[in-house]
Amino acid sequence: MRRWLRIGFSLFLTVNLAIFVTVGPILALLDGPPALFSGLTQINGPLHLAVLFDPPVATPGQTITAILTLTNDTRDAAAPSIDILIPPTLTLDVTRLPIGLSLNAQANLLTWLPIVTGNGDREQIRLYFTAAFADVQQPEQPLAITMQHGAITQNLAATLWLGIPPQVTLLPLESVAVGQPITLRATLSGPGPLAQTWDLGDGRVIQAQNPTVVFPTAGLHRITVRVANPLAAATATTLLNVTAAPTAQFTTNDLTPVVGQTIQFINQSGGAGPLTYTWEFGDGAISEAQTPQHSYNQPGTYLVRLMVQNEAGVAEITQPLIVGELPIADFVVSQPITAGLPMFVQAFVDPSVTHVTWNLGDGHTAEGLTISHTYQHGGNYWVILQAHNQFGTTDVGQWVTAISGPSTIFLPLFFSGDLSGADPTEVTPDQPDNEIIITDSPPLDSGFTTAEQLLWYINEARRLHNLPPLNYSYELAIAAQQHSDDMALYGYTGHTGSDGSRPEERQAQFGFAGLYAGEVTYWGFDEVTAVVEFWVNSPAHRSMILDSRTTDVGVGYTYNPNSPSVWYWVAEFGITAPPLPEPSPETRLDFELRHPHLPRHLKPTAETA
């Protein structure tokens, strides 16, 4: 069994008169917004292109200048082509457009064809823009530049920060005791990046995102937060009353503990020291430790009480703690297991289980109390059942051996004289060798669809060989129709679907819970009688049509004149799944002896299904 602990709270000690912050150095309050954007971006190399925004940070309605400088550090003259894609947030001043530039107004694209002679020669242009609007979600607006010189293409994104000032509010803070942690939170709006700076009112200034702090002395503290983005800054102020009287508060490192687990109680109390602590755990045990540990021997709900005392008074808190148990689970597997045929597995769990997952040992997983799975190859597989409840996960594993089944051979079939054909399909022994010709037809007044005629003729062929008719399966019919539609849509023929699926996978996908018994396909012929006669008289197909073990069938038919073979036919065969065997008395007795707390005759409940 494995216990997955829930994510708990970080453990910390509330030491009296301690000064505590979560993250961030102690800083002086900044006078202006952070200088995060220089406005300069470059392409380095023999041809050096520099782009400078002036100013690099702007607000809507402001005029911005983009200065592009091309320097040629080679000995030879160069004439690159430079495309400049302008973002929609900027409006170009075409009246001040430099000579030699062309503008594609529809694409908002500028093309610059400079000529630089070499040995440090340079060309420079200035582009003038007006900030049309700000994108609050994306304040960094790129000027996308592509420089093409010979076979070399280089890209550059020159970034301008275009936004609006931030806004910040602080809600009134409740009082807190000396030494008790409190998280300071600001409500922010506006484009980022946003930097928070907090003045705690006692000489401490910290830069952190919503910091958790403690105050070492009692009194009224003025808390000020300053929030800045690259454009501007905003401040907000509130008052916090820090009291000397004790305050009781605690949590645990795991909110869903189990029997026998060592629980760490996290003391979040405060008050002017010295402080004394008294813990009552609800099971008769007590402790005077500041941060005790405790475990419980029985499941249940316990009322945990903490009393905190100093010279100013006494505070206490009582909280319920639910202690549970890990799930009880086991499973049985249908035997024997043959590669290529479905395996059926049944889980037995206690009523606390919320869901069940499986690792089947071959890379596949599943969910549910009862599952089926097909191993494609023989071998030993370690099957793991994971039963989950609110307190954790129990793992139960056992080896499952799949024996190799009869060989399956895929043979290509070749025909001549027309466009009709049949797919490679499975070959199995015991094939009747007498040819049949179907002369009967469905009743004329039956109103059969083409697919229904296909089903009727398949059962007629079985009748002619003294075999019982196959039951119509809606799930198999959906799988057959999906595959015939898929072949017509994508213009292929075969048993492997366009998504890589195999026939047995499609049957399971559409809900057929029985055993896979085969799939036959045909294409390029419009007469249903000819299709069934071919299947029955083809050694590669008749073993599926005339298999005495088969119980269910579903058929599909698709007509698509735009597809290469026009007519597509599919029949899916299956065998009704045998009932899952009940565990033997010896297996159940062994299970109950290993789990004495489990109710007898345990079966899955509706809540766990």
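The values are calculated or read from the model by the stated rules, or taken from the named source; none is laboratory data. Quick caveat, the model's predicted, so the values are computed rather than measured. Using ideal geometry, Cβ is built from the backbone for each residue, glycine included, and neighbour counts are taken over all protein chains shown. Heavy atoms of the whole protein, side chains included, go into the accessibility calculation; ligands, DNA and RNA do not. Shrake-Rupley method; radii C 1.70, N 1.55, O 1.52, S 1.80 Å.
Need one number for segment 193-314: average projected area of the convex hull over its C-alpha atoms, nm². Intermediate values should be presented prior to the final figure.
On the way: hull surface 40.5 nm².
Across all orientations, segment 193-314 yields a mean hull projection of 10.1 nm².
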At 0.36 nm per residue, and after removing the present C-alpha to C-alpha distance, how many nm does the segment from T496 to N562 gain when stretched out fully?
21.6 nm
Which of L470, L85 is most accessible, then next, and so on - probe 1.4 Å:
L85, L470
Which whole-number percent gives the relative contact order of segment 161-318, counting Cα pairs below 8 Å spaced six or more residues apart?
22 percent
With the Cα gyration tensor of segment 268-326 giving a ≥ b ≥ c as the square roots of its eigenvalues, does the rule (a/c under 1.5 for rounded; else a/b larger than b/c for prolate; else oblate) give rounded, prolate or oblate?
prolate
Probe 1.4 Å, all protein chains in place: accessible area of E460 in Å², nearest 10?
20 Å²
For segment 98-150, alpha-carbon Rg over 2.2 N^0.38 Å
1.48
For segment 297-354, what is the Kirkwood estimate of the hydrodynamic radius, computed as the reciprocal of the mean inverse distance between distinct Cα atoms, to one decimal in Å?
16.5 Å
Protein chains only, probe 1.4 Å: how do H355, H483 rank by accessible area, largest first?
H355, H483
What net charge is computed for the residues neighbouring T318, neighbours being all others with C-beta under 12 Å from the C-beta of T318, Lys and Arg scored +1, Asp and Glu -1?
-1
Per residue, how much accessible surface does segment 279-392 expose to a 1.4 Å probe? Answer in Å², no decimals.
47 Å²
